[in-house]
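Any read-out appearing in this document is the output of simple, stated calculations on the displayed coordinates, not a laboratory observation. This is a predicted model, so every value here is computed, not measured. Virtual Cβ from ideal backbone geometry, glycine too; neighbours counted across all protein chains shown.
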């Protein structure tokens, strides 16, 4: 038995050597199949960057598209949902919540599969983008609104690639995202909130690229309609709440970059959508739950008054019996409020920027 085993080992070694002589080694196979860019500009168009997801009704999802690369920060990304067909489509930009410090483009309120919701909206004939931005722990105000505006500009700069109609864009957000959507809607010509200009490294290496797409500097970040769910619109009127209640005030202080010190009123005003309201603003839809203990409904009420006073078209909807994120006292009440908010928001978008089909 020992002799047989030894003989088998010798035969196996000989056959393995013969095979190795006839075929390239693993490392040689990997090396032969590897592409090397002729210049640093050729680096980055990797296989994962080209990944797509197929949704119902011919909608194509493009996850994690980079819209800005700012030195010192992670690449800023968005998810894009593009309908079938060769025509240019109206654009809907969604901005997530999370107290400016959490959440992400694939989460919203109590919806179990938010990308599926956005893909269903795209199937109606919209190009839909869900945008990520820098959190308050990374960079305080005005970083997040500059990022949202940079995403809008990037989408317009890439209008031909993704079949976007640049003349028709709506922005939509909830909670912190509702604040950012509203701020974007009222401040498209405010230089202090505009993103930095495009930067192209003079001598790039494999880790540095242009900060955003060519043409983004010239593109507009104005929008033609705004949907805001339970957002903050005036930081100067954000009264502190009892310590036992999760308050938007603590998150707001971090977002504004005030630390443990009281925020200067000038900084609060600079971050407040109500500051920039004028008659040229696009139409607004504001929705809030009566039982919201995180963001007071008074925020929506005061913003409605300011918009109406300026002559801006605004629709306010109050959802009874539900709190933040449409959470009700029962699963059924949460479901009903969530679906109703979705219905009226899509109907408003249809009417505001034109039914695409």
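To test your reading of the geometry: what angle, between 0 and 90 degrees and rounded to tens, separates the Cα axis of helix 331-353 from the longest principal axis of the chain? Orientation of helix 331-353: about 80 degrees from the principal axis.
Ratio of alpha-carbon Rg to the 2.2 N^0.38 Å globular estimate for the range 127-201, to two decimals, please. If you can, show how the numbers build up before the last one.
Values: Rg = 12.6 Å, N = 75, 2.2 N^0.38 = 11.3 Å.
So the range 127-201 has a normalised radius of gyration of 1.11.
Calculation over all alpha carbon pairs of the range 61-120 in 5 angstrom steps from 0 returns a P(r) of 4, 15, 22, 24, 18, 11, 5, 2 percent. Taking only Cα atoms, what is the 0 to 90° angle, nearest 10, from helix 114-123's long axis to the longest principal axis of the chain? The angle comes out at about 80 degrees. On the beta carbon distance between residue 30 and residue 110, with R0 = 35 Å, the FRET formula returns roughly 0.15.
Short to long, the 10 Å bins of the Cα pair-distance histogram for the range 103-160 hold 21, 40, 34, 5 percent of all pairs. Extension gain for residue 191 to residue 236 (0.36 nm times residue separation, less C-alpha to C-alpha distance): 14.0 nm.
Each of 351, 134 has some number of other Cβ atoms within 10 Å of its Cβ, and from fewest to most they run 351, 134. Computed from Cα positions, the angle between helix 2-22 and the longest principal axis of the chain comes to roughly 70 degrees.
With a/c under 1.5 counting as rounded, go ahead and sort the range 298-354 into rounded, prolate or oblate using the C-alpha gyration tensor (a ≥ b ≥ c being the square roots of the eigenvalues; past the cut-off, prolate if a/b is larger than b/c, else oblate).
oblate
Based on alpha-carbon atoms, the Kirkwood radius and the radius of gyration of the chain give Rg/Rh equal to 1.13. Convex hull volume of the C-alpha atoms in the range 255-335, normalised per residue: 119 Å³.
By the gyration tensor of its Cα atoms, with a ≥ b ≥ c the square roots of the eigenvalues, what is the shape of the range 209-357: rounded for a/c under 1.5, prolate for a/b over b/c, or oblate?
oblate
Note on 55, 235: ascending count of other Cβ atoms within 10 Å places them as 55, 235, the fewest first.
Taking 337, 169, 56 in turn, the Gaussian network model of the chain (Cα-Cα springs below 10 Å) assigns the largest fluctuation to 56.
For the chain, adding -39500 (n - 2.57) for each run of n ≥ 4 DSSP H residues and dividing by the number of residues yields -10000 deg cm²/dmol at 222 nm.
In the range 169-237, the ratio of gyration radius to Kirkwood radius, Rg to Rh, stands at 1.11 when only Cα atoms are counted.
Across the chain, the mean sequence separation of Cα contacts (distance under 8 Å, 6 or more residues apart), normalised by length, yields a relative contact order of 15 percent.
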